[in-house]
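The values are calculated or read from the model by the stated rules, or taken from the named source; none is laboratory data. Model, not experiment: these values are computed from the prediction. Note that each Cβ is placed from the backbone with ideal geometry, even for glycine, and that neighbours are counted across all protein chains shown.
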Ligand code: BEZ
Ligand code: FE
């Protein structure tokens, strides 16, 4: 392994890994080296560009804190998160599709009874959510754990609402014997992904929007079924086709119906104009069960 050239170095690096015990690691590392070297050759990477790339990745790591994961955000905006999900969770038409988990899920969310108000008293347009969880054959899935979380009408999650410590706009619910769950909250709004770090630099340099369309996140788990990590977007959101993290799927675009206080299925439950969102979630069986 001497006198290596631009033509011979790729095979030389790969040959150093021939004693790798784990076959999957061997496959991944060989492919990674081949693609990385091909990329360097294809763009003719200069020394200055290499140094900028190293600096960029260094700062991406340095931007990470216990509450901020800039590398996952980078994966999100490069489409890698949704690509891995697409490969890992192929589902037939009709089954509820996944989207990104995002950084705002919290383990310390309160468990709430059916139809609870989970807004934490924050101001906003009342949102009534009525969900149903069924299996592939349309039978109700009782006792499913349903996590919900979303932003307020200004695009802030509870962690970003000034002065707010207690969880709000998030809850752990359970479906009843008919597969139903419901909650009341406030209507979420579109919001920008964090733009003040290395991911923001890349987004600005490439002229991309930081704005995610408004959404309600849901994470649904039930024994014997595949976990669904998803979200529902309002059909009239202007950012549906430019989601920076590629999480929008047609099947997840929902009708957020607006009503006057004295009209519609929830009249009498509020004295303000409100939004009603209804959706049925279809779970796939878990292959190993
Ligand atoms: C979110 O929807 O909460 C989110 C997802 C990916 C990156 C940033 C935010
Ligand atoms: Fe979100």
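Give the residues of the stretch 202-227 that are under 17 Å from residue 244 (Cα atoms) and in contact (Cβ under 8 Å) with a residue 24 or more places away in the chain, sorted by residue number.
Residues of the stretch 202-227 that are under 17 Å from residue 244 (Cα atoms), as a first pass: 202-217.
Matches in the stretch 202-227: 202, 203, 208, 209, 210, 211, 212, 213, 214, 215, 216, 217.
Restricted to the stretch 155-175, and to residues that are at pLDDT 90 or above and in a loop (DSSP other than H, G, I, E, B), which residue is nearest to ligand 2 (Cβ to nearest atom)?
Among those that are at pLDDT 90 or above and in a loop (DSSP other than H, G, I, E, B), it is 157.
Taking the stretch 231-250, which residues are surrounded by 15 or more Cβ atoms within 10 Å (Cβ to Cβ) and not in a loop (DSSP other than H, G, I, E, B)? Spell out how you get there, then give the answer.
If we filter the stretch 231-250 for residues that are surrounded by 15 or more Cβ atoms within 10 Å (Cβ to Cβ), which is where we start, we get 231-234, 237, 239-240, 243-249.
Of everything in the stretch 231-250, those that are surrounded by 15 or more Cβ atoms within 10 Å (Cβ to Cβ) and not in a loop (DSSP other than H, G, I, E, B) turn out to be 231, 232, 233, 234, 240.
In the stretch 102-118, what count of residues is obtained for those that are at pLDDT 95 or above and within 14 Å of ligand 2 (Cβ to nearest atom)?
Count: 0.
Yes/no matrix, rows are residues, columns are (1) under 30 Å from residue 99 (Cα atoms); (2) in contact (Cβ under 8 Å) with a residue 40 or more places away in the chain; (3) touching a helix residue (DSSP H, G or I) at 6+ places or on another chain (Cβ under 6 Å):
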| site | (1), (2), (3) |
| --- | --- |
| 4 | no, no, yes |
| 9 | no, no, no |
| 27 | yes, no, no |
| 33 | yes, no, yes |
| 40 | no, no, no |
| 58 | yes, no, no |
| 64 | yes, no, yes |
| 73 | yes, yes, yes |
| 78 | yes, no, no |
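Given (1) in contact with a strand residue (DSSP E or B) (Cβ under 8 Å, 6 or more places away or on another chain); (2) farther than 25 Å from residue 268 by Cβ; (3) away from ligand 2 (no atom under 16 Å from the Cβ); (4) not in a loop (DSSP other than H, G, I, E, B), identify the lone condition not met by residue 94.
Every listed condition holds for residue 94 apart from (4).
Which fully enclosed helices (runs of 4 or more DSSP H) of the stretch 1-88 have 3 or more residues being closer than 30 Å to residue 229 by Cα and away from ligand 2 (no atom under 16 Å from the Cβ)? Please lay out each step first, then the result.
Details: elements: 9-15, 23-43, 47-63, 70-77, 80-88.
So the answer is 23-43, 47-63, 70-77, 80-88.
For residues in the stretch 207-217 being touching a strand residue (DSSP E or B) at 6+ places or on another chain (Cβ under 9 Å) and surrounded by fewer than 19 Cβ atoms within 10 Å (Cβ to Cβ), which is farthest from residue 112 (Cα to Cα)?
First, the residues of the stretch 207-217 that are touching a strand residue (DSSP E or B) at 6+ places or on another chain (Cβ under 9 Å): 209-217.
This time we only want the ones that are surrounded by fewer than 19 Cβ atoms within 10 Å (Cβ to Cβ), so: 209-211.
On the way: 209: 35, 210: 32, 211: 30 Å.
Within the stretch 207-217, the match that is farthest from residue 112 (Cα to Cα) is 209.
Looking at residue 220 and the list (1) more than 12 Å from ligand 1 (Cβ to nearest atom); (2) assigned to a loop (DSSP other than H, G, I, E, B); (3) crowded, with 23+ Cβ neighbours inside 10 Å, which single condition is not satisfied?
So the condition that residue 220 fails would be (2).
Of the conditions (1) modelled with pLDDT of 95 or more; (2) surrounded by 12 or more Cβ atoms within 10 Å (Cβ to Cβ); (3) not in a strand (DSSP E or B), residue 132 satisfies every one except a single condition; which number is it?
Going through the list (1) modelled with pLDDT of 95 or more; (2) surrounded by 12 or more Cβ atoms within 10 Å (Cβ to Cβ); (3) not in a strand (DSSP E or B), residue 132 breaks only (3).
Quick one: residue 89 ticks every box in (1) within 16 Å of ligand 1 (Cβ to nearest atom); (2) assigned by TED's automatic domain parsing to the domain that holds residue 205; (3) under 18 Å from the mean Cα position of the chain (by Cα) except a single one, so which number is it?
Among (1) within 16 Å of ligand 1 (Cβ to nearest atom); (2) assigned by TED's automatic domain parsing to the domain that holds residue 205; (3) under 18 Å from the mean Cα position of the chain (by Cα), residue 89 violates only (1).
Which number in (1) in a loop (DSSP other than H, G, I, E, B); (2) farther than 22 Å from residue 251 by Cα; (3) within 14 Å of ligand 1 (Cβ to nearest atom) marks the one condition that residue 102 misses?
Condition (2) is where residue 102 drops out.
Suppose we filter the stretch 176-206 for residues that are assigned to a loop (DSSP other than H, G, I, E, B), under 21 Å from residue 134 (Cα atoms) and touching a strand residue (DSSP E or B) at 6+ places or on another chain (Cβ under 8 Å); how many remain? Full working, then the answer.
At the first step, the residues of the stretch 176-206 found to be assigned to a loop (DSSP other than H, G, I, E, B) are 176-179, 187-190, 193-197, 206.
Right, trim to under 21 Å from residue 134 (Cα atoms) and you get 176-179.
Subset that is touching a strand residue (DSSP E or B) at 6+ places or on another chain (Cβ under 8 Å): 177-179.
Residues meeting the conditions: 3.
Taking the conditions exactly as written (at pLDDT 95 or above and closer than 16 Å to residue 243 by Cβ), does residue 81 satisfy them or not?
Numbers: at pLDDT 95 or above: yes; closer than 16 Å to residue 243 by Cβ: yes.
Yes; evaluated as a whole, the condition is true for this residue.
Taking the stated definitions as given, is residue 198 away from ligand 1 (no atom under 13 Å from the Cβ), surrounded by fewer than 23 Cβ atoms within 10 Å (Cβ to Cβ) and either touching a residue at least 60 places away in the same chain (Cβ under 8 Å) or closer than 21 Å to residue 68 by Cα (or both)?
Spelling it out, residue 198 is indeed away from ligand 1 (no atom under 13 Å from the Cβ), surrounded by fewer than 23 Cβ atoms within 10 Å (Cβ to Cβ) and either touching a residue at least 60 places away in the same chain (Cβ under 8 Å) or closer than 21 Å to residue 68 by Cα (or both).
Can you tell me which residue among 96, 16 is in the same structural domain as residue 216 (by TED's automatic domain parsing) and modelled with pLDDT of 95 or more? Steps first, please.
Details: 16 fails: in the same structural domain as residue 216 (by TED's automatic domain parsing).
Criteria check complete, one pass: 96.
Taking the stretch 224-243 only, how many residues are within 12 Å of ligand 1 (Cβ to nearest atom) and under 16 Å from residue 85 (Cβ atoms)? Quick ask: steps written out before the conclusion?
To start, the set of residues in the stretch 224-243 that are within 12 Å of ligand 1 (Cβ to nearest atom) comprises 229-233, 239, 243.
Filter once more, keeping what is under 16 Å from residue 85 (Cβ atoms): 229-231, 243.
Residues flagged as within 12 Å of ligand 1 (Cβ to nearest atom) and under 16 Å from residue 85 (Cβ atoms) within the stretch 224-243 amount to 4.
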